[in-house]
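Computed from the coordinates by the stated procedures, all read-outs in this text should not be read as laboratory data. The structure displayed is predicted, hence computed values, not measured ones. Cβ placement follows ideal geometry from the backbone for every residue including glycine, while neighbour counts extend to all protein chains displayed.
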Amino acid sequence: MAENLLEVKNLKKHFVAERNFWGKPKAILKAVDGVSFDIRKGETLGLVGESGCGKSTTGRTVIGLYEPTEGEVYFDGEKLNSDGNFADEKIQMIFQDPYACLNPRMTVGDIIGEPLDIHHVYNSKQERMARVYELLNLVGLNPEQANRFPHEFSGGQRQRIGIARALAINPKIIICDEPISALDVSIQAQVVNLLSKLQRELGLTYLFIAHDLAMVRYISQRVAVMYLGKIVELAATEDLYELPLHPYTQALLSAIPVPDPDDKQERIHLEGELPSPVNPPQGCRFCTRCPYARDICREQEPVMKTIGSRQVACHLVDKDGKRLYAMN
Amino acid sequence: MAELAKIDFEPLVRSAEHIQAENGEAALGYWQDAWIRLKRDKVAMLGLGTIIFLLIVAIFGPMLSSVSYADQTLAAANQGPSAAHWFGTDNLGRDLFIRVLYGARISLSIGIVASLLNFLIGVTYGGIAGFMGGRVDRIMMNIVDVLYSIPVLLYVILLMVVLKPGLTNIFIALGIGYWLQMARIVRGQILSMKEQEFVLAARTIGASRRRILIKHLIPNAIGAIVVTLSLCIPDAIFTEAFLSFIGLGVSAPMASWGVLASEGVTSLKAYPFQLFFPAIAISVTMLAFNFLSDGLRDVLDPKMRR
């Protein structure tokens, strides 16, 4: 069994949503509320869920952009984010918006060279430029474009620049925060293939945050499904897509469009909206929208059950992984 | 058919220097692009041309003249404009043309120094407040709000009373009074930018706060800063003119435009040209700076770009 490169234990990130007159917190937004997972060396863990469920916050808290409210992150057994131990040399991040993630006032060469400057990893200017050109080549851009500014590039190219910047100081893990959701479909495939190629060549480990389930299936070995700040199901990609255990996972998977006009697969329509993370429902967080919810779901919060190699948090799944609710 | 050797199929090795040499014609930078678009704005270019003309005349004009701004020729007092005295003379027979040129020196240097102080204090203060956020921001901006509620002119006047009139003290008074607007604008810009992904990206690669502020945030706020500065210059010039007019500005025999206008008013009925020329100089300068700052705002506003 491969070793765990990254372990996240009971990670919580709460934001103060409202303060009273005296500056004391009045309402707390529990964006991430007790998330645990681990990522093995060289694998890709997909993190999926609908908008506002805390996927991006999880990624940002893992890398240390947000101070975790509670919980720990271990890299290779070593605790991160304690007393300002910023994880920048081990973990890097690729951002969602290719138009916002590059400083419009810096040339591409300076953007990619900045991590090199900060970490003093070169001895001469030539060495720095050589590394920048190498990185540009690596992500499939022309080194001659190093003196250009970000606005002269297309979305896909900008995302490649973001990838090159993340790779500059040889990180072990890259957190991909919806790296493709802002791109055209044809460009999405290019970027995802580039990420896979880099993973093979450089032995990278990815935490791949997305809401495109088809793309997650393509790139990840394991998938974690998040709902309202918690992971509801975590399993190997094949298992999860073959036999989703949690009702929420089922609903998500039924929403993937199938390119077959004769396909009469029934979609599971979830009722209502995502409840507010300021005031999550009692019991199972999914109970307000779950078509199979029973009394126990509204009273007791389900614990994470480990069933073989997979994990699921649902009262209606027994310890052998059998679903105790009727399937359509 | 030519013989092909194996070496013909070797990939060309492109060294870093090689690529750098090819990169000679770099893409248009931000400022080059802004300059090209500013050149299309006729009114702004007129303003810029006038300002450059005024600067040259203010620096070199008095040097080329044989008479000084303080030379009195009582026999030639209160003469109207003529070939010898283009703008006429004042009640002590001093050449008004030279005095207006000399006044330009004082007025323009006040404008420039005030805007420099404005830049240094306002950008630092606003930058720190916006970047730190939270309680620091609240306290710092509350101080600004309190100061802002006092009319600038009022406490510039009060300061001048305490500090005694003089050029250095005008600099100090304007420096203290004029950075509030700048601090607010910079703080607002930084606040809106600091959660953007390129700033987060800078944090993830380990950039220090100082570096983020200087390399990422302030360069992206520079458009707003430049526009605020170019609006501050005419304001400072006008405030100085006003202070001199009410007798709190530079003291005789130094001549700022405000002093000249104030002297001209006393003999307005008999010799209107004594007020006319300094007033024209003030108006033209204000207009030129306002034209330029309007143009700069259009050119540097990131929302207006393409």
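In what order do B:VAL156, B:VAL43, B:VAL144 fall by count of nearby beta-carbon atoms within 10 Å, going from fewest to most? All intermediate terms of the calculation are to be shown ahead of the outcome.
On the way: B:VAL156 23, B:VAL43 13, B:VAL144 19.
So the residues, fewest neighbours to most, are B:VAL43, B:VAL144, B:VAL156.
Backbone phi angles across the stretch B:32-40, fed through the Karplus curve with coefficients 6.51, -1.76 and 1.60 (θ = phi - 60°), yield HN-Hα couplings of 4, 4, 4, 5, 4, 6, 5, 5, 6 Hz in residue order; Gly and Pro are listed as x. Of all DSSP beta bridges confined to the stretch A:172-328, the antiparallel ones make up roughly 70%.
Computed from Cα positions, the angle between helix B:167-193 and the longest principal axis of chain B comes to roughly 30 degrees.
Only helical runs count toward this figure. For the protein assembly as shown, summing -39,500 (n - 2.57) over DSSP H runs of n ≥ 4 and dividing by all residues gives -15500 deg cm²/dmol at 222 nm.
Give the angle, between 0 and 90 degrees and rounded to the nearest 10, that separates the Cα long axis of helix B:257-266 from the longest principal axis of the Cα atoms of chain B. So the helix axis and the longest Cα principal axis differ by about 20 degrees.
When only DSSP loop residues count, what trypsin sites (Lys or Arg not before Pro) in the stretch A:92-177 have their Cβ near at most 13 other Cβ atoms within 10 Å? Can you show the working numbers first?
Numbers: sites: A:ARG105, A:LYS125, A:ARG128, A:ARG131, A:ARG148, A:ARG158, A:ARG160, A:ARG165, A:LYS172; in loops: A:ARG105, A:ARG148, A:LYS172.
Here no loop site has a sparse enough neighbourhood.
Taking Cα atoms only, the orientation of helix B:96-132 departs from the longest principal axis of chain B by about 40 degrees. Shown in residue order for the stretch B:212-228 are the 3J(HN,Hα) couplings computed by the Karplus curve 6.51 cos²θ - 1.76 cosθ + 1.60 at θ = phi - 60°: 4, 5, 7, 8, 10, 7, 5, x, 7, 9, 5, x, 5, 5, 4, 5, 4 Hz (x for Gly and Pro). Lacking any other cysteine beta-carbon closer than 4.7 Å, the following Cys residues of chain A have no compatible partner: A:CYS53, A:CYS101, A:CYS176, A:CYS290, A:CYS314.
The order of B:LYS215, A:LYS319, going from fewest to most other C-beta atoms within 10 Å of their C-beta, is A:LYS319, B:LYS215.
Say the dipole of the protein assembly as shown comes from +1 at the beta carbon of Lys and Arg and -1 at that of Asp and Glu; which of B:VAL299, A:ILE209, B:GLY133 then lies farthest toward its positive end? Result: B:GLY133. Straight-line cross-link partners of A:LYS322 among the aspartates and glutamates, defined as a Cα under 16 Å from its Cα and at least 8 positions apart when in the same chain: A:GLU233, A:ASP239, A:GLU242. Taking GluC sites (Glu not before Pro) as exposed when their DSSP state is a loop state and no more than 11 other Cβ atoms lie within 10 Å, the longest site-free interval of chain B runs over B:26-194. Under 5 Å from the amide H of B:GLN79 lie the amide H atoms of B:THR89, each residue being 5 or more positions distant or on a separate chain, with H modelled from the backbone and absent for Pro and chain starts. Look at B:VAL227, A:VAL278 and count the other Cβ atoms within 10 Å of each Cβ; fewest to most, that gives A:VAL278, B:VAL227.
Here the 3J(HN,Hα) profile of the stretch B:294-299, calculated from phi with Karplus coefficients 6.51, -1.76 and 1.60 at θ = phi - 60°, is 4, x, 4, 4, 5, 7 Hz, Gly and Pro shown as x. Straight-line cross-link partners of B:LYS194 among the lysines, defined as a Cα under 17 Å from its Cα and at least 8 positions apart when in the same chain: B:LYS215. Separation of the alpha carbons by more than 22 angstrom is noted, of A:LYS9/A:LYS90; A:LYS13/A:LYS79; A:LYS30/A:LYS55; A:LYS125/A:LYS197; A:LYS90/A:LYS125, for A:LYS125/A:LYS197; A:LYS90/A:LYS125. Annotation: amide H of A:LEU5 within the under-5 Å range of A:ILE39, A:ARG40, A:LYS41, sequence separation 5 or more or interchain, hydrogens built in the peptide plane.
On the basis of the beta-carbon distance and an R0 of 22 Å, B:ILE59 and B:LEU158 show a calculated FRET efficiency of 0.10.
In the protein assembly as shown, what percentage of the DSSP-assigned beta bridges are antiparallel, given to the nearest 5?
Antiparallel: roughly 65 percent of the beta bridges in the protein assembly as shown.
Using only side-chain charges placed at the Cβ, +1 for Lys and Arg and -1 for Asp and Glu, the dipole size of the stretch A:154-240 relative to its Cα centre rounds to 340 debye. Name the longest site-free stretch of chain A, where the excluded sites are GluC sites (Glu not before Pro) in a DSSP loop with no more than 11 other beta-carbon atoms within 10 Å. By the stated rule (loop sites, at most 11 other Cβ atoms within 10 Å), A:4-265. What is the distance in Å between the Cα centres of the stretch A:1-68 and the stretch B:166-224? Cα centroid of the stretch A:1-68 versus Cα centroid of the stretch B:166-224: 31 Å apart.
The H on the amide N of A:VAL317, modeled in the peptide plane, is under 5 Å from the matching H of A:LEU324, each at least 5 residues off or on a different chain.
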